[in-house]
Amino acid sequence: MADTASESLESGRQARPDAPPSSRIDPTMPHAARRYDYWLGGKDNFAADRASGDAVAAAYPAIRTTVIENRRFMHRATRHLATAGRIRQFLDIGTGIPTSPNMHEVAQHIAPGSRVVYVDNDPIVLAHARALLTSAPDGATAYVDADLRDPERILHHPDLRATLDLTRPVGLMLVAILHFLRDSDDPYGVTRRLIEAIPSGSYVVISHATTDLVPRHIAATAASTTATSMIDMAFRTRDQFESFFDGLELIPPGISPVTEWRPEDPPEQRTPAVQASMYAAVARKP
């Protein structure tokens, strides 16, 4: 039901992260980042991505609204971290195909010296990122080819180490990515390892698909829709979502539908939660 530019876990899990990029592009298998690009009207997708996207849209017609609202949440959260949180370093896991304004553009508009590391495991995403995600002169961007399921590869990657100082606060962005981890992938352990690696004063930004906010007849189709779309998704409840923030300090408004996290539109112009069925929250590491 929900996807985002940050969605970047390949449904076909056979490709090794150290394999040549060309060998890891399988146009016959949908990829979440390319599917998201399709929903946004982009051109960097294959027939399999479009078929997967259409399968989801048939069961949940509001999916395009969902991806837009999730992206708007990412922008608001980034602005908050760059202003009130005074964060100058960001680790964005699940970059997605670039769609301006990108996260580093939002952060560097506020603080030109901001440094951003983007992480993705799709060679197409990384090729676009390296070509298009150009830092402001005072800041820096880097791109890491890695999978969220392998946090050690991310944390010890030389490009990350050369760009971010992990002794200083970081904004960890896990926007619409964790719902691509099954329970067997240990999503809570993966998240905990990433949080352990960043210091006190850092922030964690997460959004996640849920069936809590949609009518029962739509929620009942979630499993079959996921199977038809050929991309695994785990729809988690509010309590399950909250568990990602164990040990952290949620900032107001706490856990909320993605459309209701510090909205900037007047109430009459806001998208109803049912049309963007995702939870969102931002928390500070004490």
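The values are calculated or read from the model by the stated rules, or taken from the named source; none is laboratory data. From a predicted model like this one, the values you see are computed outputs, not experimental measurements. Reconstructed Cβ throughout: ideal geometry from the backbone, glycine too, with neighbour counts over all protein chains shown. Each accessible area value is taken on the protein alone, full model and side chains, heavy atoms only, with ligands, DNA and RNA left out. Shrake-Rupley method; radii C 1.70, N 1.55, O 1.52, S 1.80 Å.
Within the range 200-210, can one find any residue that is surrounded by fewer than 20 Cβ atoms within 10 Å (Cβ to Cβ) and farther than 19 Å from Val119 by Cβ?
Yes, the range 200-210 has at least one match.
Any idea which residue in the range 212-226 is most open to solvent (accessible area, probe 1.4 Å), counting only those that are over 17 Å from Thr66 (Cβ atoms) and not hydroxyl-bearing (Ser, Thr, Tyr)?
This residue is Arg216.
Can Asp232 be described as among the acidic types (Asp, Glu) and over 29 Å from Thr83 (Cα atoms)?
Taking the combined requirement at face value, the residue satisfies it.
Cβ-Cβ below 8 Å, separation at least six or inter-chain, first residue in the range 252-264 and at positive phi, second of a type outside the set (Gly, Ala, Ser) and at pLDDT 95 or above: which pairs?
Listed pairs, sorted by first residue: Arg262/Arg76; Arg262/His80; Arg262/Pro253.
Here are Thr99, Thr78, Thr95: which of them is assigned to a loop (DSSP other than H, G, I, E, B), within 20 Å of Leu172 (Cβ to Cβ), under 17 Å from the mean Cα position of the chain (by Cα) and in contact (Cβ under 8 Å) with a residue 60 or more places away in the chain? Let's see the steps before the verdict.
On the way: Thr99 fails: within 20 Å of Leu172 (Cβ to Cβ); Thr78 fails: assigned to a loop (DSSP other than H, G, I, E, B).
Matching residue, one of Thr99, Thr78, Thr95: Thr95.
Restrict the check to the range 176-183 and report whether at least one residue is surrounded by fewer than 14 Cβ atoms within 10 Å (Cβ to Cβ), closer than 26 Å to Met230 by Cα and not hydroxyl-bearing (Ser, Thr, Tyr).
yes
Exactly one condition in (1) closer than 18 Å to Arg72 by Cβ; (2) modelled with pLDDT of 95 or more; (3) surrounded by fewer than 18 Cβ atoms within 10 Å (Cβ to Cβ) is false for Val274; which is it?
With (1) closer than 18 Å to Arg72 by Cβ; (2) modelled with pLDDT of 95 or more; (3) surrounded by fewer than 18 Cβ atoms within 10 Å (Cβ to Cβ) applied to Val274, the lone miss is (2).
Got a sec? Which of Ser229, Ser243 is surrounded by fewer than 16 Cβ atoms within 10 Å (Cβ to Cβ) and touching a helix residue (DSSP H, G or I) at 6+ places or on another chain (Cβ under 7 Å)?
On the way: Ser229 fails: surrounded by fewer than 16 Cβ atoms within 10 Å (Cβ to Cβ).
Criteria check complete, one pass: Ser243.
When you go through Leu155, Leu160, Leu148, Leu132 one by one, which is the residue that is more than 23 Å from Met230 (Cβ to Cβ), crowded, with 19+ Cβ neighbours inside 10 Å and out of contact with any Lys or Arg (no Cβ under 9 Å at 6 or more places or on another chain)?
On the way: Leu155 fails: out of contact with any Lys or Arg (no Cβ under 9 Å at 6 or more places or on another chain); Leu148 fails: more than 23 Å from Met230 (Cβ to Cβ); Leu132 fails: crowded, with 19+ Cβ neighbours inside 10 Å.
None of the other options fit; the residue is Leu160.
Within the range 215-246, track down each residue that is more than 21 Å from the chain's Cα centre (by Cα) and outside any helix (DSSP H, G or I).
Residues satisfying the conditions are Pro215, Ala220, Thr221.
Taking only the range 270-285 into account, find how many residues are part of a strand (DSSP E or B) and among the charged types (D, E, K, R).
1
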